[in-house]
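The structure appears right after this line, and notes come after that.
The values are calculated or read from the model by the stated rules, or taken from the named source; none is laboratory data. Quantities reported herein were computed from a predicted structural model and do not represent experimental measurements. All Cβ positions, even for glycine, are placed from backbone atoms using ideal geometry, and neighbour counts span all protein chains on display. The protein model used for the area step is the full one, side chains on, heavy atoms only, and it has no ligands, DNA or RNA in it. Shrake-Rupley method; radii C 1.70, N 1.55, O 1.52, S 1.80 Å.
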Amino acid sequence: MEPRLANKLAQKRTLKTLRDGLLKRTKVFAYRNEDNIFYMLCQHDKTIGYSAGKKIYLSDMGWQSIINLVKAVTGVNLISDDIDVLSQKGRLENSTIMADEKILSRLPTQGFVLCRLLGSAETLSQTTDHFASQSTPLRSYLGVHINHISNWDIGTIVVIENFASFTEFTESHLSSIEGVSNNGMVLLIYRGHDDKNIYSVATEISRLSCPKYIFADYDLAGLQLAEVIAERIKAAGYILPKGAMHNQRLLKLNKIAEREKQSATTIKDSVLQPYMNDMKARFLAVTQEALMAHEVELEVVDRE
């Protein structure tokens, strides 16, 4: 078998296309180019079918030949294996079914949250059902599946944009935020590289009854990110510099080069719009790291 066809068969989209066609018992397919899977199969095995006038016509034994070929190459049985179901299984389970479990299995990191816990030993032990008995140390974090987190008695959740800020955020930083309670366990969540982490579990986080806040860079891109995440997880508010629109200290922490990259950024949230207007007027961009390092007082701005 040509490597191109083997690679094509080892794709979730291809397997779904083949199974959908099989279940519908379709025997005639239109195609645009030679990258079409049915065209490639017919070129590989002439008994499967033939092409004429930009259409593929399967033979009477065409589907059986395709079933046998897919089974031999991937281990997937197009008749009995539901592609969507296999996609939700882990690699260990699928390794008993497929020749290459990476083809369909869910990502190994799916459902895991990069987080840190703040609170007293007694509080954490009680609220996490003895999962943790101390605050997560500086420059350390935990990888916890959302199923565990969903069973915890969480007091407050703070989603943090930047990794350095996430790993070095302490009770002291928490106490500098006006409007955030530090009673009970506080769960810090890193938003994740390439936005994948927080969005992959956003639905589950949105169902948690505790107040949730977003702490991002105080710049145009940070406000836009905060708006999107807040909507997805049903956050109660945003963590911003206290009195931000009248805070002259922020000008000394300004990152002009970063601000120049963000001029086209827009948001829809009416609560954040005045802050964005102020940033544009003062050409302002301040990172989380600067806010924390210079101990800038913070406050919660409630969402409407």
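Here are a few things to note about the model shown:
- Prolate/oblate/rounded call for the range 248-304, Cα gyration tensor, a/c under 1.5 rounded: oblate
- Radius of gyration and maximum dimension Dmax of the range 59-139, Cα, Å: 21.9, 70
- Ligands, DNA and RNA are left out, and with a 1.4 angstrom probe the accessible area of the chain is 52 Å² per residue.
- Considering helices alone, the calculated mean residue ellipticity of the chain at 222 nm is -10000 deg cm²/dmol, with DSSP H runs of length four and up weighted by -39500 (n - 2.57) and normalised per residue.
- Computed over the chain with a Gaussian network model linking Cα atoms closer than 10 Å, the most mobile of Arg13, Arg32, Arg282 is Arg32.
- Computed over the chain with a Gaussian network model linking Cα atoms closer than 10 Å, the most mobile of Val228, Val271, Val73 is Val73.
- Theoretical FRET efficiency, 1/(1+(r/R0)^6), r = Cβ-Cβ of Lys280 and Gln110, R0 51 Å, to 0.05: 0.85
- Cβ-based charge dipole, the chain, positive-most Cα from Gly119, Asn277, Ile267: Ile267
- Label corresponding to mean projected area of the Cα convex hull in nm² when calculated from the structure given, among (1) 17.2; (2) 15.5; (3) 20.6: (3)
- If only the Cβ of Lys and Arg carry +1 and only the Cβ of Asp and Glu carry -1, the dipole of the chain around its Cα centre is close to 1460 debye.
- For the range 144-229, trypsin sites (Lys or Arg not before Pro) are listed when DSSP marks them as loop and at most 11 other Cβ atoms sit within 10 Å of their Cβ; the list is Arg207.
- Distance violations [Cα-Cα > 30 Å] among Lys46/Lys89; Lys55/Lys89; Lys212/Lys242; Lys8/Lys261; Lys102/Lys234: Lys46/Lys89; Lys55/Lys89; Lys8/Lys261; Lys102/Lys234
- Shape descriptor for the range 38-104: Rg over Rh equals 1.08 (Cα atoms; Rh from the Kirkwood inverse mean 1/r).
- Solvent-accessible area assigned to carbon and sulfur over the range 6-73 amounts to 48 percent, based on a 1.4 Å probe.
- Centre separation in Å (Cα based) which lies between the range 130-207 and the range 1-32: 43 Å
- In range of the label at Gln11: residues from the range 23-42 whose backbone nitrogen is under 16 Å from the point 7 Å along Cα→Cβ: 31-42
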